[in-house]
Amino acid sequence: MNENLQAFLKSVSEAIGSEWVDVRPETLARYGEHTLPDQPRAPSAVLFPESTTQVQSIVKAANQYGVELYPISTGNNIGLGSRAPTKAGQVVLDLGYRMNRILEVNEETCYAELEPGVSFQMLHDELARRGDKLMVSATSGPPHGGILGNAMDRGAGYGPYFDHFGMLCGMEVVLGNGDIIRTGDGSLNSEHLTNWHVSKYSFGPALDGLFCQSNYGIVTRVGIWLMPRPPVARSFHFTFPDDDDIEQIIDLCRPMKLSNFVPSLFRISNDLYAMAPDEQNTEYLAGSKASFSASARQALQKKHGLGAWQVSGMFYGGTDAAIEPLIERVRAHFERSGKAKYISHDEALSIPALHIAIDAMNGRPSSSELGMLQWRPGSGNSWFLPGTPMVGKQALELDRLGRGIYAKHGMDYIIMHVASARFARGLHVMVWNKDDADENARADACYRELTVEFAKRGVGVGRAPVDYYDLHMEMAMPALQEAYGQIKKALDPNGVLSPGKYGIRAVDGNGAK
């Protein structure tokens, strides 16, 4: 521990209390763990602030002593980096441990004000306690994952309020230079912030987007819009038998979303994505370089009564009778394909893979989907998150490309498309044995080849694991990379906040990083 770090920790101990500064080896090891191919990245200390003021004190001390910080909310970004910093030795700033308060729930204009440690489950339970009048948009991730952290990393859900960052309204931010700002109508220099969480925009530039997937500041408080819970929610589901049916599925979903006839997003999951949460790879042998076989996939489909693809959506309304004609219309639309097999809401409740979809679209957090991370032993997990236009031929081309790359590296093809009107995000899951050095290396090579080959076709990613920040940033146009660096230099002049996160680093006057 160098002198600057020692002096920094002494200063922080005085500001937040020495009991909230942890340098125990077991703590550092735990915070350095992750599921990605790279080695663990243990921090040099973990700090647990209680308030925005304490965060500000920590950031100012980091500037004074030249110490690099790595803020996290709850640290449950599984498959994208967990709690581990971008490099070993940074100081983790755990915002979620003590800053976990629901500061307000407004049932008139339907928003909540939250600190970073508030999880999806915590907010869901509080809303249920208040009578279940409002609903949170759930994710596929752990229920104890942080709402703020997920939104700032541009995570999403499945219902009408799926755009988690888009549903934020009004932030409190500690900049890298230690200043505190509020965005939107919170920017007024006043104690009375009437419109802070109901009006996104105020006079002057809208800065909220600067803090999404960046390392320019630490968001310590947000407002998030909540959906009024409808009296009735009813799902519909279709299975399709063949891998190449993704072309037809995308073309069927597009008009339903362009007209917003279906208010939820479509969940389009392949067989392994749907069934892996309740299964393990029975063909897996240590050292094997083979993917799960087509015959074994078909056997699982038969066992679960599912297909090569599952399509799920949901309607919301006042009564079952009001929703029934809507379901009949979407059923007729899909069944014209000649390949879609309809599964009703009531039937789906007894099918685990489809029950997961119902919970997700109905705003009920669940850990069930995470069972897929045990599909293979060894706890390796990463997510490749490109997208496709809602055009069937293009979706089919990318699907065949992804399947081929997975097979080349001996990975099992696990994917779900989350489809809106014009675009579908592809959740490509990679599960492997991290304890097997060769398998670990193949997982890394698979991710890198997917990135390069999709980029050749004009397709980037929406989120990325920590190990691959630089890989993705290097694909951005140079002028944009420099602009990111210039903003970093302006808001975090000493580069103390998560240097290298998202591939962003400060630049000097000559454009050098």
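The values are calculated or read from the model by the stated rules, or taken from the named source; none is laboratory data. No experiment lies behind these values; they were computed from the predicted model shown. Virtual Cβ from ideal backbone geometry, glycine too; neighbours counted across all protein chains shown.
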| message | Considering only region 108-115, I want to know if a residue exists there that is at pLDDT 95 or above, in a strand (DSSP E or B), of a type outside the set (Val, Ile, Thr) and surrounded by 24 or more Cβ atoms within 10 Å (Cβ to Cβ). | response | yes
| Can you pull out the residues in region 366-388 that are closer than 28 Å to Arg457 by Cβ and more than 20 Å from the chain's Cα centre (by Cα)? | Trp375
| message | It is to be established whether one or more residues within region 354-365 are at pLDDT below 95, within 21 Å of the chain's Cα centre (by Cα) and among the acidic types (Asp, Glu). | response | no
| query | Which numbered condition trips up Ile58, out of (1) under 30 Å from Asn494 (Cα atoms); (2) surrounded by fewer than 23 Cβ atoms within 10 Å (Cβ to Cβ); (3) of a type in the set (Val, Ile, Thr)? | reply | (2)
| Positions within region 482-501 being of a type in the set (Gly, Ala, Ser) and either more than 11 Å from Gly217 (Cβ to Cβ) or touching a helix residue (DSSP H, G or I) at 6+ places or on another chain (Cβ under 6 Å) (or both), in sequence order | Ala483, Gly485, Ala490, Gly495, Gly500
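Can you list the helices (runs of 4 or more DSSP H) found entirely within region 397-513 that contain at least 1 residues being in the same structural domain as Lys257 (by TED's automatic domain parsing), at pLDDT 95 or above and surrounded by 21 or more Cβ atoms within 10 Å (Cβ to Cβ)?
437-456
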| query | When Ile180 is evaluated against the numbered criteria (1) crowded, with 24+ Cβ neighbours inside 10 Å; (2) touching a residue at least 40 places away in the same chain (Cβ under 8 Å); (3) closer than 24 Å to Asp492 by Cβ, which criterion, by number, is the only one it fails? | reply | (1)
| request: Would you mind finding the one in Asp185, Asp179, Asp153 that is under 29 Å from His472 (Cα atoms), acidic (Asp, Glu) and in the same structural domain as Phe120 (by TED's automatic domain parsing)? | output: Asp153
| field | Considering residues of region 99-121 that are hydrophobic (A, V, I, L, M, F, W, C) and under 19 Å from the mean Cα position of the chain (by Cα) only, the residue nearest to Ala156 (Cα to Cα) | value | Phe120
| task | Tell me which residues, restricted to region 295-339, are in a strand (DSSP E or B) and closer than 30 Å to Asn281 by Cβ. | result | Trp309, Gln310, Val311, Ser312, Gly313
| task | Within region 34-68, work out how many residues are more than 12 Å from Val92 (Cβ to Cβ) and either in a loop (DSSP other than H, G, I, E, B) or in the same structural domain as Glu172 (by TED's automatic domain parsing) (or both). | result | 10
| said: Please go through region 58-86 and give me each residue that is among the basic types (Lys, Arg) and either modelled with pLDDT under 95 or touching a helix residue (DSSP H, G or I) at 6+ places or on another chain (Cβ under 8 Å) (or both), ordered by number. | reply: Arg83
| field | region 122-149, subset part of a helix (DSSP H, G or I) and touching a helix residue (DSSP H, G or I) at 6+ places or on another chain (Cβ under 8 Å), residue surrounded by the fewest Cβ atoms within 10 Å (Cβ to Cβ) | value | Leu123
| field | Some residue of region 313-335 being modelled with pLDDT of 95 or more and over 24 Å from Pro230 (Cβ atoms) | value | yes
| message | Which pairs turn up if I take residues in region 93-107 that are more than 14 Å from Val219 (Cβ to Cβ) and of a type in the set (D, E, K, R) and look for partners that are at pLDDT 95 or above and part of a loop (DSSP other than H, G, I, E, B) with beta carbon separation below 6 Å, at least 6 apart in sequence or on another chain? | response | Asp94/Phe48; Arg98/Phe48; Arg98/Glu50; Arg101/Glu115; Glu107/Lys133
| When you look at Glu19, is it modelled with pLDDT of 95 or more and surrounded by fewer than 19 Cβ atoms within 10 Å (Cβ to Cβ), yes or no? | yes
| Condition test on Val118, is it in contact (Cβ under 8 Å) with a residue 24 or more places away in the chain, surrounded by 23 or more Cβ atoms within 10 Å (Cβ to Cβ) and touching a Leu at 6+ places or on another chain (Cβ under 6 Å)? | no
| said: Against the condition of a type outside the set (Phe, Trp, Tyr), part of a helix (DSSP H, G or I) and within 25 Å of Ala443 (Cβ to Cβ), how does Ala88 come out, does it pass? | reply: no
| message | Suppose we keep only residues that are hydroxyl-bearing (Ser, Thr, Tyr) and in contact with a strand residue (DSSP E or B) (Cβ under 6 Å, 6 or more places away or on another chain) within region 375-418. Which one would you say is nearest to Met256 (Cα to Cα)? | response | Thr388
